[in-house]
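The values are calculated or read from the model by the stated rules, or taken from the named source; none is laboratory data. The model shown is predicted, which means the values in this text are computed figures rather than measured ones. Positions of Cβ are backbone-derived with ideal geometry, glycine not excepted, and every protein chain shown enters the neighbour counts.
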Amino acid sequence: MKKLFIAALATLALSTVAMAQEKDIVDTAVAAGSFKTLVTAVKAAGLVDTLKSAGPFTVFAPTDAAFAKLPAGTLEGLLKDPAKLKAVLTYHVVAGDVMAADVVKLTSAKTVEGADVTIKVMGGKVMVNNAHVVKTDIKCSNGVIHVIDTVILPPM
């Protein structure tokens, strides 16, 4: 009976992981609930179809709290300028499936926006430019999400 219970739990855990992996990057971000601002920005920039496509993509996803740290008026200004917003958002995306074990081996990565982000490990913590990676390897059907605590801005 105990073995049957453990097997049932293992099956449930695997099916939960499989269900999470069935969602694309956009649907995963929506379901998480802590990326409402990011999802709003992705919609405003016209990037939903891109981030729902086959990919794969690696997204360094800023949380709602990360967007809240932007200077007053910055987000509102970006939402009114779709081209600039698209540049900022695509600066958070790297082509390919780059898992945390691979990220820590890099010193930089070329973003979809075109500019590189700097990657470094300080005190055992990974940083992308000035943002700390706070959660890694959220696997999606078309890539992976790494959660960051700060919105990173491309060189302009």
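Of all residues in the stretch 74-95, none that is of a type in the set (D, E, K, R) and part of a loop (DSSP other than H, G, I, E, B) has its Cβ atom under 8 Å from the Cβ atom of a residue that is at pLDDT 95 or above and surrounded by fewer than 20 Cβ atoms within 10 Å (Cβ to Cβ), 6 or more apart or on another chain. Scanning the stretch 99-114 for residues that are of a type in the set (D, E, K, R), farther than 16 Å from LEU153 by Cβ and assigned to a loop (DSSP other than H, G, I, E, B) yields a count of 1.
Residues in the stretch 115-140 that are outside any strand (DSSP E or B) and at pLDDT 95 or above were compared, and the one that is farthest from the chain's Cα centre (by Cα) is ALA115. Taken over the stretch 84-128, residues that are of a type in the set (D, E, K, R), exposed (fewer than 14 other Cβ atoms within 10 Å of the Cβ) and over 17 Å from CYS140 (Cβ atoms) amount to 4. All conditions but one from (1) surrounded by 13 or more Cβ atoms within 10 Å (Cβ to Cβ); (2) under 27 Å from ALA31 (Cβ atoms); (3) touching a residue at least 12 places away in the same chain (Cβ under 8 Å); (4) not hydroxyl-bearing (Ser, Thr, Tyr) apply to PRO154; the one that does not is (2).
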